[in-house]
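Accompanying notes for the structure given below.
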Amino acid sequence: NPFAGLVSHLRAAWLSGKTRPMAYRVAQLEALGHFLDDKKEQILEATASDLGKAPFETELSEILLCKNELHETLNKLSHWMKDEHVDRTMAMQLDSAFVRKDPYGVVLIIAPWNYPIHLFLVPLIGAIAAGNCVIIKPSEVSKKTEKLVAEALPVYLDKDCFAVVTGGVPETTSLLENKFDYIFFTGSPPVGRIVMMAAAKHLTPVTLELGGKNPCYVSDTCDVNNVARRVAWGRFFNAGQTCIAPDYLLCTVEMQDKLLPALRKAIDDFYGPNPRESPDFGRIVNDKQFQRVKRLLSSGRVALGGQTDEAERYIAPTVLADVQPSDPAMQEEIFGPILPIVTIANMDEAIDFINSRERPLAVYAFSSDDKVVNQVLERTSSGGFCGNDTLMHVTLTSLPFGGIGNSGLGTYHGKFSFDTFSHHRGCLKRGMGREPLNGPRYPPYSQQKFGVVKATSKVTRKNDCTLL
């Protein structure tokens, strides 16, 4: 295996205990901050080349949010690393019981192409903070960013403990044949299944951050213009190539009629009368993805947009009206600048529609009535939820981010990243003396002995009262 030596080298470094001291972790995390500062212009250039990403969008999603994660981690790492002391029964009052946060060991992070800095760097922050050695596999689809990461990142990190591996499917397949102690994958559900099968051979735990069709319910009671602006921003940010973008709208026919002119105005306000000329609207990442997304335009009727340019990999911000559940756009994740509208009769029908499909990475609900938003929250299941906006829940380091069911397994961001990459080791330390206190648990057994063990070891329910 071409990567066996690399994995062994990192494992030896981890076994040496090099990554465990807090000072070492802090130094490596601070090095990531220097990487972001020093290579900011190259990051802007690489993401513009790969995705036509506007500098504003790159600075927000690839740099600012990563720095927020970094600063949150550096601010709180000493607290997160401390042993967590836990409650004890009467029999163990003289003992020490605690949870130790141990690193897993050698971690593999496989990143996607749509946010090619953010989606490797944020999990890497958590893996370093938890004391692991890491191999990073950036996506080969975002070519310029992959080259930047492969050449620049190792300059900043300890080469004994961290490495970048490049390549496509063959290289990733070879990597996955090695035994890792944890695998963190971001990508599609079909590839997620392949990763999980490879991990199962070594009983390696995984986090899978996958995609899905994120529904967005718009009730009849809302500020239509505000909804249109917030939905259009979330859908067309990064040319729609966002795993938590609202994938389709659910609303009544009457609300569809109100939303279409409001969406037209929002798109015009954001990108001008010809979005193709806007410096703020991106491009599809490659020809394969362009052709896939273009095919989805046959769904429903094109109410807004619909223009394409294969040479530029440009697809205009597009809204499809009167889309049927059987249409192509409803059979797969859009992952492009297309917003289908599926009409329903009422909120109950919308909730039933959501619940009849695979559980998504996010559910969105818009209503001026908080009870409606709460109904959608309480009666659906998804990785995350955002009421009366889109995407914004992912910007908080205090919230866990992750999927459920088909949209993923496990969470990260902030402390959740540290916990994901830490083995929570239950520990009990007892003294060597006071042996008579252990007598009741030893044979020969008796009912009297059991009575003593029960009295000193049981956990009672609060507000229970015992009649003597």
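The values are calculated or read from the model by the stated rules, or taken from the named source; none is laboratory data. What you are looking at is a predicted structure, and each value in this text was computed from that prediction instead of being measured. Every residue, glycine as well, gets a Cβ built from its backbone with ideal geometry; the counts of neighbours run over all protein chains shown. Remember, those area values only see protein heavy atoms, side chains included, never the ligands or the DNA or RNA. Shrake-Rupley method; radii C 1.70, N 1.55, O 1.52, S 1.80 Å.
Listing for the model above:
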{"quantity": "Which numbered condition Leu320 misses (of (1) out of contact with any Phe, Trp or Tyr (no Cβ under 8 Å at 6 or more places or on another chain); (2) among the aliphatic types (A, V, I, L, M); (3) in contact (Cβ under 8 Å) with a residue 40 or more places away in the chain; (4) under 20 Å from Phe237 (Cβ atoms))", "calculated": "(3)"}
{"quantity": "Qualifying residue in the stretch 275-285 (condition: basic (Lys, Arg) and under 30 Å from Ala48 (Cβ atoms))", "calculated": "yes"}
{"quantity": "Residue in the stretch 356-367 that is over 23 Å from the mean Cα position of the chain (by Cα), surrounded by fewer than 21 Cβ atoms within 10 Å (Cβ to Cβ) and touching a residue at least 24 places away in the same chain (Cβ under 8 Å) present", "calculated": "no"}
{"quantity": "Qualifying residue in the stretch 374-397 (condition: open to solvent by 70 Å² or more (accessible area, probe 1.4 Å), free of Cβ contacts under 8 Å to residues at least 40 places away in the same chain and of a type in the set (Ser, Thr, Tyr))", "calculated": "no"}
{"quantity": "Residue within the stretch 267-278 that is on the phi > 0 side of the Ramachandran plot and open to solvent by 10 Å² or more (accessible area, probe 1.4 Å) present", "calculated": "yes"}
{"quantity": "Any hit, the stretch 43-59, residues being closer than 22 Å to His393 by Cβ, in contact with a helix residue (DSSP H, G or I) (Cβ under 9 Å, 6 or more places away or on another chain) and open to solvent by 30 Å² or more (accessible area, probe 1.4 Å)", "calculated": "yes"}
{"quantity": "Test: Leu339 is among the aliphatic types (A, V, I, L, M), in contact (Cβ under 8 Å) with a residue 24 or more places away in the chain, crowded, with 23+ Cβ neighbours inside 10 Å and more than 26 Å from Gly272 (Cβ to Cβ)", "calculated": "no"}
{"quantity": "Any hit, the stretch 334-343, residues being in contact with a Phe, Trp or Tyr (Cβ under 7 Å, 6 or more places away or on another chain), farther than 25 Å from Asp257 by Cα and modelled with pLDDT of 95 or more", "calculated": "no"}
{"quantity": "So Phe120, is it open to solvent by 10 Å² or more (accessible area, probe 1.4 Å) and not polar (S, T, N, Q)", "calculated": "no"}
